[in-house]
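What follows is a set of notes on a single structure, which appears directly below.
The values are calculated or read from the model by the stated rules, or taken from the named source; none is laboratory data. For clarity, every value in this text was computed on a predicted model and none was experimentally measured. All Cβ positions, even for glycine, are placed from backbone atoms using ideal geometry, and neighbour counts span all protein chains on display. Keep in mind that these areas ignore ligands, DNA and RNA; they rest on the heavy atoms of the full protein, side chains included. Shrake-Rupley method; radii C 1.70, N 1.55, O 1.52, S 1.80 Å.
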Amino acid sequence: MIKGLLTICLALCSLLLQAQKLGSFSPGEIWPDNNGVHINAHGGGILLHDGKYYWFGEHKVAGNEGNVAKVGVHCYSSTDLYNWKDEGIALKVSDDPKSDIARGCILERPKVVYNAKTKKFVMWFHLELLGKGYAAARSGVAVADNINGPYTFLKSYRPNALKQPYYPSGTPDAEKQLNCNNPANKFDGFFCRDLPGGQMARDMTVFVDDNGKAYHVFASEENFTLDVAELDDSYTGHTGKFSRVYVGFQTEAPALFKRNGRYYMIGSGCTGWAPNAARWFTADSIFGPWKYHGNPCMGENAHITFGGQSTHVLPVPGKKDAFIFMADKWKPSNAIDGRYLWLPIRFKNDNLEISWLNSWSIDEEWK
Ligand code: DGJ
């Protein structure tokens, strides 16, 4: 009898949760989807397609083992960015232990872009092979005909084997360039070591420019460099043209956007699952030179990005200078309970600032 009442009560509560429409963001709080379940799309990114937003992210499971990929990449859709519908698992991990994306591998920071020429949706992600910790440092790519999947895994590899970097004009020290025969090249050591097999590729994002060219930006060389690498016309491979950014400093979690013809990038330091200070950069050309500007966060807990780590910056269409900073507040002891910190980016001329807000909405922020 009591059990029956409890079941009815729980069903009612879940119905109530489902009926509740959200009209604001509450950074760091539980974020229920259309089923009343906390959104499970960590390290994610958002693609706007045909008037709908699609959020792709790592599906985590409960407990401290939850950070390995037991399920795949989860997809949600929304028309207002507050209320999200569960679209299911867009890319599933494989049951074949020999597959690159075997269940139990590490599959992080998936980002999906649309290729208008091939009419395919292309998903890139950071991949670590089953049982090998973070040693493989590969990029994985999958494609789909429909935005919410199913995505078919194509391949995984370390990008740009045997390719030398591109130095855009104005790159400091460009005249020194890389010389893998010079043992004095300390920070270039990882680059030279990895030249034959391709460069390491961990935390990452993908950015499609106004002219349709796509770029894969990833932490390389044991995270001591960010590579900005051009993708080919199909967006499923690298052309071999890439530049190295902020060499010698460990940068993770890159998120890139463009405003008034200028490229902006926000990233983090490298401290595992623990939060650290964010950092931002600008460039007039995508390959650089990129200028370092320090920490964009302001106020209490700015030195730890309010407990989060960047994953994506979302331009809000129809609003001038409206960009949302998306970050993850990781919970390694119970990965599924990781939270999302979405905050508005505020511009002071060409400088940007990010401040903490307990609750906010797009219409109030950008009237
Ligand atoms: C920080 C990275 O940003 C995450 O994606 C993940 O790789 C963790 N490090 C692992 O410690």
Restricting the search to segment 97-129, which residues are under 14 Å from Gly72 (Cβ atoms) and part of a loop (DSSP other than H, G, I, E, B)? Ser99, Asp100, Ile101, Arg103, Gly104
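In segment 196-227, which residue that is of a type in the set (Gly, Ala, Ser) and within 15 Å of the ligand (Cβ to nearest atom) is surrounded by the fewest Cβ atoms within 10 Å (Cβ to Cβ)? If you could, list the steps in order and put the result at the bottom.
As a first pass, look at segment 196-227 and keep what is of a type in the set (Gly, Ala, Ser): 197-198, 201, 212, 214, 219-220.
From what's left, within 15 Å of the ligand (Cβ to nearest atom): 201, 219-220.
On the way: Ala201: 28, Ala219: 26, Ser220: 30.
Top of the filtered list is Ala219.
If you scan segment 66-108, which residues turn out to be in contact with a helix residue (DSSP H, G or I) (Cβ under 8 Å, 6 or more places away or on another chain) and of a type outside the set (Gly, Ala, Ser)? First the steps, then the outcome.
Looking only at segment 66-108, we keep the residues that are in contact with a helix residue (DSSP H, G or I) (Cβ under 8 Å, 6 or more places away or on another chain), and these are 66-67, 81.
Passing the criteria: Asn67, Leu81.
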Among (1) surrounded by fewer than 22 Cβ atoms within 10 Å (Cβ to Cβ); (2) over 23 Å from Tyr114 (Cβ atoms), the one test that Phe25 misses: (1)
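Determine which member of the set Ala135, Ala184, Ala161 is over 17 Å from the mean Cα position of the chain (by Cα), closer than 30 Å to Arg103 by Cα and either modelled with pLDDT under 95 or loosely packed, with under 12 Cβ neighbours inside 10 Å (or both).
Values: Ala184 fails: closer than 30 Å to Arg103 by Cα; Ala161 fails: either modelled with pLDDT under 95 or loosely packed, with under 12 Cβ neighbours inside 10 Å (or both).
Residue meeting the stated conditions: Ala135.
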Taking segment 271-287 and keeping residues over 20 Å from Gly45 (Cβ atoms) and either at pLDDT below 95 or within 12 Å of the ligand (Cβ to nearest atom) (or both) leaves Thr271, Gly272, Ala274, Asn276
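Yes/no matrix, rows are residues, columns are (1) within 16 Å of the ligand (Cβ to nearest atom); (2) hydroxyl-bearing (Ser, Thr, Tyr); (3) at pLDDT 95 or above; (4) under 20 Å from Pro150 (Cβ atoms):
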position: Met1; (1), (2), (3), (4): no, no, no, no
position: Gly36; (1), (2), (3), (4): no, no, yes, no
position: Ile46; (1), (2), (3), (4): no, no, yes, yes
position: Ala69; (1), (2), (3), (4): yes, no, yes, yes
position: His74; (1), (2), (3), (4): yes, no, yes, yes
Any residue at all in segment 140-148 that's surrounded by 15 or more Cβ atoms within 10 Å (Cβ to Cβ) and either free of Cβ contacts under 8 Å to residues at least 24 places away in the same chain or within 18 Å of Ser243 (Cα to Cα) (or both)? no
Output the number of the condition that Gly88 fails; it satisfies all remaining conditions of (1) open to solvent by 10 Å² or more (accessible area, probe 1.4 Å); (2) within 21 Å of Asp33 (Cα to Cα); (3) not in a strand (DSSP E or B). (3)
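Restricted to segment 197-209, and to residues that are part of a loop (DSSP other than H, G, I, E, B) and under 23 Å from Ser310 (Cα atoms), which residue is nearest to the chain's Cα centre (by Cα)?
Pass one, segment 197-209, residues part of a loop (DSSP other than H, G, I, E, B): 197-203, 209.
Then keep just the ones that are under 23 Å from Ser310 (Cα atoms); that gives 199-203, 209.
Details: Gln199: 19, Met200: 17, Ala201: 13, Arg202: 11, Asp203: 7, Asp209: 17 Å.
Across segment 197-209, the extreme among qualifying residues is Asp203.
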Inspect segment 248-258 for any residue being more than 16 Å from the ligand (Cβ to nearest atom), farther than 18 Å from Ala137 by Cβ and under 17 Å from the mean Cα position of the chain (by Cα) and give the result as yes or no. yes
Tell me which residues, restricted to segment 239-255, are open to solvent by less than 40 Å² (accessible area, probe 1.4 Å), part of a loop (DSSP other than H, G, I, E, B) and either among the aliphatic types (A, V, I, L, M) or at pLDDT below 95 (or both). Gly248
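Within segment 103-113, which residues are more than 16 Å from the ligand (Cβ to nearest atom) and more than 16 Å from the chain's Cα centre (by Cα)?
Arg103 - this is the single residue of segment 103-113 that is more than 16 Å from the ligand (Cβ to nearest atom) and more than 16 Å from the chain's Cα centre (by Cα).
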Out of all the residues in segment 291-329, which are in contact (Cβ under 8 Å) with a residue 60 or more places away in the chain and among the polar types (S, T, N, Q)? Thr311
